[in-house]
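Novice: Sharing a structure here in structure tokens format.
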Amino acid sequence: MTTIVAFHAHPDDEALLTGGTLARAAADGHRVVLVVATIGMRGVDASRRAELEASAEVLGVARVVHLGYADSGHGAVLYPDPPGLVRFVRASTDEAAARLMAILREEGASVLLSYDRNGGYGHRDHVKVHEVGKRAAELAGDVRLLEATIPRDAVARLIRIVRLARIPFRYDVDALLRAYSAKSEITHTFDVRRFARQKQAAIAAHSSQVKGDGRLAPLMRVITRLPAPLFGLVFAREWYVDATSRGSRS
Ligand SMILES: [Zn+2]
């Protein structure tokens, strides 16, 4: 049995990016621990916390840890810190990494899931997850660091589907095509089709994000309404860049 720690920026990222991987690892008997940096713009929002717990349960996650930073937002403006809290992007990378490393040590984890160097689509909290994850893996020393990503050609395919289906999804095509990773950088492709139902249910558990007016909401509404076999086809794989050699291996 291996312990896997999945480090994420916001509630719903665990389901969208790594839901199949986490469900598959748990089904294979591994211990899966989820660490989430932020919950909401004003700190720990009770309903989003409950949604995250529901998603974690569907995926077979054994433990959820909240680092308690505030969401830094994705717009042009970086808002001031809420009273008594620090927006994740303003947190000390070394301090956050030390907290993550303490969890890795406590759990005897051998795998850390984090984000690629572009921070996926480039949300400032996702870039921060990459930096903190890399530093924590360096500090921990003997952890395999797998950075969740999507091949850019799959992103381009999804954009074509979004356009064809006329889903009102706001995005910057140029930015998206510079985001995530080139196919050649990807070292691990996991077939998670058998866990599609769990992944879809985990995404749906984040009902405030599905029903809300956030950027991803229209896309999430479509995703959660897809018939399960079609969802399984579209979301059959999850991808990682093994960053261990430039991370913790010395
Ligand atoms: Zn996120």
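The values are calculated or read from the model by the stated rules, or taken from the named source; none is laboratory data. In this text, all values refer to a predicted model and were calculated from it rather than measured experimentally. Glycine gets a Cβ as well: all are built from the backbone with ideal geometry, and neighbour counts include every protein chain shown. Ligands, DNA and RNA are excluded from the accessible area calculation, which covers all protein heavy atoms including side chains. Shrake-Rupley method; radii C 1.70, N 1.55, O 1.52, S 1.80 Å.
Novice: Full-extension gain between Val77 and Ile159, please, as 0.36 nm times their residue separation minus the C-alpha to C-alpha distance. Working shown, then result.
Specialist: On the way: separation 82, 0.36 × 82 = 29.52 nm, distance 2.59 nm.
Here the segment from Val77 to Ile159 would lengthen by 26.9 nm.
Novice: Further question: Can you put Val234, Val127 in order of accessible area, largest first, using a 1.4 Å probe? If you can, show how the numbers build up before the last one.
Specialist: Numbers: Val234 65, Val127 40 Å².
In descending accessible area the options line up as Val234, Val127.
Novice: Here's a follow-up. Decide, for the stretch 1-106, between rounded, prolate and oblate: order the square roots of the alpha carbon gyration tensor eigenvalues as a ≥ b ≥ c, take rounded if a/c falls under 1.5, and otherwise choose prolate if a/b is larger than b/c, else oblate. Can you show the working numbers first?
Specialist: Numbers: a/c = 2.33, a/b = 1.62, b/c = 1.44.
It is prolate, given that a/c is not under 1.5 and a/b is the larger ratio.
Novice: Report the full-extension gain for the segment Asp94 to Val222: residue separation times 0.36 nm, less the Cα-Cα distance, to one decimal in nm. Mind dumping the intermediate values first?
Specialist: Working: separation 128, 0.36 × 128 = 46.08 nm, distance 3.87 nm.
Computed gain between Asp94 and Val222 is 42.2 nm.
Novice: Given contacts defined as C-alpha pairs under 8 Å and at least six residues apart, what's the relative contact order of the chain, whole-number percent?
Specialist: On the way: 504 pairs, mean separation 58.3, N = 250.
Computed over the chain, the figure is 23 percent.
Novice: Ignoring ligands, DNA and RNA, what percent of the accessible area of the stretch 106-250 is carbon or sulfur (1.4 Å)?
Specialist: Values: 3760 of 7300 Å².
Summing carbon and sulfur atoms, their accessible area is 51 percent of the total for the stretch 106-250.
Novice: Please work out how much length the chain gains when fully extended from Asp242 to Arg63, using 0.36 nm per residue of separation minus the C-alpha to C-alpha distance, in nm with one decimal.
Specialist: Working: separation 179, 0.36 × 179 = 64.44 nm, distance 2.40 nm.
Residue separation times 0.36 nm, minus the Cα-Cα distance, leaves 62.0 nm.
Novice: Give me the 1.4 Å probe accessible area per residue for the chain, excluding ligands and nucleic acids, in Å².
Specialist: The answer is 46 Å² per residue.
Novice: Which distance in nm do the two modelled labels at Asp191 and Leu230 give, with both placed 7 Å along the Cα-to-Cβ direction?
Specialist: For the pair Asp191/Leu230, the computed spacing is 2.4 nm.
Novice: Now for a different question. Could you rank the peptides 16-27, 135-146 by their average count of other C-beta atoms within 10 Å per residue, with the highest value first? Intermediate results must be reported in sequence, preceding the final value.
Specialist: Working: 16-27: 24.3, 135-146: 20.9.
Result, highest mean Cβ count within 10 Å first: 16-27, 135-146.
Novice: Now for a different question. Using a 10 angstrom cutoff on alpha carbons, build the Gaussian network for the chain and name the most mobile of Asp172, Asp116, Asp13.
Specialist: Residue with maximal mean-square fluctuation among Asp172, Asp116, Asp13: Asp172.
Novice: Is the stretch 135-234 rounded, prolate or oblate when judged by the Cα gyration tensor, a ≥ b ≥ c being the square roots of its eigenvalues, rounded requiring a/c under 1.5 and prolate requiring a/b larger than b/c? Mind showing how you got there, number by number?
Specialist: On the way: a/c = 1.69, a/b = 1.41, b/c = 1.20.
It is prolate, given that a/c is not under 1.5 and a/b is the larger ratio.
Novice: Would you mind computing, in nm to one decimal, how far apart the modelled labels at Arg166 and Met1 are, each placed 7 Å from Cα along Cα→Cβ?
Specialist: Going from the Arg166 label point to the Met1 one covers 5.3 nm.
Novice: Nearest-5 percent of antiparallel DSSP beta bridges in the stretch 3-245? Don't skip to the answer; put the middle values down first.
Specialist: Details: 8 of 29 bridges.
Roughly 30 percent of the DSSP beta bridges within the stretch 3-245 come out antiparallel.
Novice: What percent of all Cα-Cα pairs in the chain falls into each 10 Å bin, going from 0 up to the bin containing the maximum distance?
Specialist: Reading the bins upward from 0: 8, 32, 41, 18, 2.
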